[in-house]
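Coordinate-derived values only; no laboratory data. Note that this is a predicted model, so its numbers are computed, not measured. Here Cβ is always computed from backbone atoms with ideal geometry, including for glycine, and neighbour counts include all displayed protein chains.
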There are 2 protein chains.
Amino acid sequence: MSTIQAAREAAQSLSSKVQAALEALIWSGALPPGARLNEVTLARQLGVSRGPVREAARALERTGLVTVILNRGAFVRTLTIDEAMQIYELNSVLFGSAAARLAVSCTGEQAMALRAIVDRMDQRIAGGDPEGFFAGNVEFHEHVMAFSGNAAMEAVYVDHTRKLSMLRRRSFDRAGSMAEANAEHRRLLESILAGDAASARQLAEQHTRSGRARFLTAIAYQEAQPRAATAAEKTRINA
Amino acid sequence: MSTIQAAREAAQSLSSKVQAALEALIWSGALPPGARLNEVTLARQLGVSRGPVREAARALERTGLVTVILNRGAFVRTLTIDEAMQIYELNSVLFGSAAARLAVSCTGEQAMALRAIVDRMDQRIAGGDPEGFFAGNVEFHEHVMAFSGNAAMEAVYVDHTRKLSMLRRRSFDRAGSMAEANAEHRRLLESILAGDAASARQLAEQHTRSGRARFLTAIAYQEAQPRAATAAEKTRINA
DNA sequence: ACCCTGTGGAATGTAAACAATAAAGCCGGC
DNA sequence: GCCGGCTTTATTGTTTACATTCCACAGGGT
């Protein structure tokens, strides 16, 4: 397996690897919102030339993580609360539409797969594994989108969920949130199995709105709890 | 004005200009679907270096016009009918949602602007100006999306409509189609003005489906009429 | 004290050279 | 005559070098 892994590693361009590295840097907070991506410094740090760094930055611009200004460089972009709300609304519409479609087209295997995911998430809640729950949550939503059979919608949904996840990581920290969310998953799944498209759409949209509410309370909590933010803010990439 | 124009022209990077040029080449058929974008040839032709061409190609990948394969280059991408159908479905959901939201939030100026666009389109139909009608059509849909107040949804809609327009340009060639489409615009506009969200959503989704149907008949006509396709296919960019 | 302007340095935009990869053509064997 | 492997060649990926732009800071004037 490690040879396959190595081959796959080697089979992607430097730009891709640099892009992943930059994502990690942004994700970890080493590159805080508003920070400029210094091409020569990052290139030195990653052991590559400026070219791949430039390409990676442009790619990240397309995913919405950075914005590039002519002759000024690429800056880490941060979602405003308002933008997050708009994305939640978009996702709500897409997820509702997908659920409605899946309600009339769901196969036995698909139902089993979804049920297995939800069961696994319950186990992880019981086992006190929030990271695992978070992964399962993403898996559930993406499976619903994939099973609904519209690749374009799925791509848009996944894309925007990724953007949200920059901010959303801690939304499930409160223990009750996870159980609550998974109960909504179960109700949605039952509607889908029952073939009730209208109800499935309704529940899916409702679930997304609940997620938005959880997100907002988490944000509010984060704001109230200032953490050692200013310190992290000052962490820059230096030569 | 020409100084402003010149300044604006100069104020964008070469990559942007190259990207526009490549789009034009693809649009015009000089780079037919499946053709490879030869970096050195295009660079020579446009009088720039390979760097901007590469960046432009990567940007075009994001917009869906080309796909790039590692160590093989960028290839002009063509939408399959199935992908087009999926995009129509996505747009239907988004446009319906936007119309519903606009129905409860539409201001007087917005209503006037939309009505003006529809009126202009009727004039262009009467005046035998299909190009103008097409532009107005785009304008109407994008205004509805913009007025609905969700920038994320608007961006997704515009993005995907652009992809479709590669194939869709001739959908309105049949004279009756234009009048039909604009009548649907009027009905939708009335529902919005009446503040009837459910009806607006319904009409907007219906309108998108009608657009899909027009697209399909246009495609079918195009397929039946083989045109001198093979000749165009051979037109390559040579040094 | 404030503002404006000119200069210096640093960072990006662009171009040209180098390396590595994949496709195409050629040759030999079967 | 056809197929498989090798070699060649064209093209992309990457690095390096050069040109241009912007920002900060110092200096002088008001």
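Ordering A:Ser105, A:Phe95, A:Thr78 by Cα displacement along the dipole of the stretch A:42-108 toward the positive end leaves A:Thr78 in first place; charges were set at the Cβ atoms of Lys, Arg (+1) and Asp, Glu (-1).
With the label put 7 angstrom out from Cα along the Cα-to-Cβ vector, A:Ala24 ends up 4.3 nm from the copy partners, going from closest to farthest.
Relative contact order of the stretch B:43-128: what whole-number percent is it, with Cα pairs under 8 angstrom and at least 6 residues apart? Result for the stretch B:43-128 is 11 percent. Placing a label point 7 Å from the Cα of A:Asp119 along the Cα-to-Cβ direction, the distances to the matching points in the other copies come to 6.5 nm, shortest first.
Using the Cβ-Cβ distance between B:Glu190 and B:Ala155 with R0 set to 30 Å, the FRET efficiency from 1/(1 + (r/R0)^6) comes to roughly 0.65.
Averaged over peptide A:141-152, the number of partner chain Cβ atoms lying within 10 Å of each residue's Cβ comes to 2.
Given their separation in residues at 0.36 nm each and the Cα-Cα distance between them, A:Ser210 and A:Glu109 gain 33.6 nm when the chain is fully extended.
The stretch A:23-68 and the stretch A:93-128 have their alpha-carbon centroids 36 Å apart.
Taking a ≥ b ≥ c as the square roots of the eigenvalues of the alpha carbon gyration tensor, the stretch A:59-129 is prolate, as a/c is not under 1.5 and a/b beats b/c. Between A:Lys17 and A:Leu70, the simple spin-label model (points 7 angstrom out along Cα→Cβ) gives 3.4 nm.
Computed over the stretch B:1-158, relative contact order equals 18 percent, with contacts defined as Cα pairs under 8 Å that lie 6+ residues apart.
Converting phi to 3J(HN,Hα) with the Karplus coefficients 6.51, -1.76 and 1.60 and the offset θ = phi - 60°, the stretch A:73-90 yields x, 9, 10, 5, 9, 10, 6, 7, 4, 4, 4, 4, 4, 5, 5, 4, 5, 4 Hz in sequence order, with x at every glycine or proline. Placing dummy labels 7 Å off each Cα toward the beta-carbon, the span from B:Ala179 to A:Ile81 is 5.3 nm.
Counting, for every residue in B:78-89, the Cβ atoms of other protein chains within 10 Å of its Cβ and taking the mean gives 2. Once the Cβ-Cβ distance of B:Glu39 and B:Ala135 is raised to the sixth power relative to R0 = 22 Å, the FRET efficiency obtained is 0.10.
Chain A residue nearest by beta-carbon to the axis mapping A to B, with distance in Å: A:Arg62, 2.
Taking amide H positions as modeled 1.01 Å from N, with prolines and chain starts lacking one, the residues under 5 Å from A:Arg77 and 5 or more places away or on another chain are A:Gly34, A:Val66, A:Thr67.
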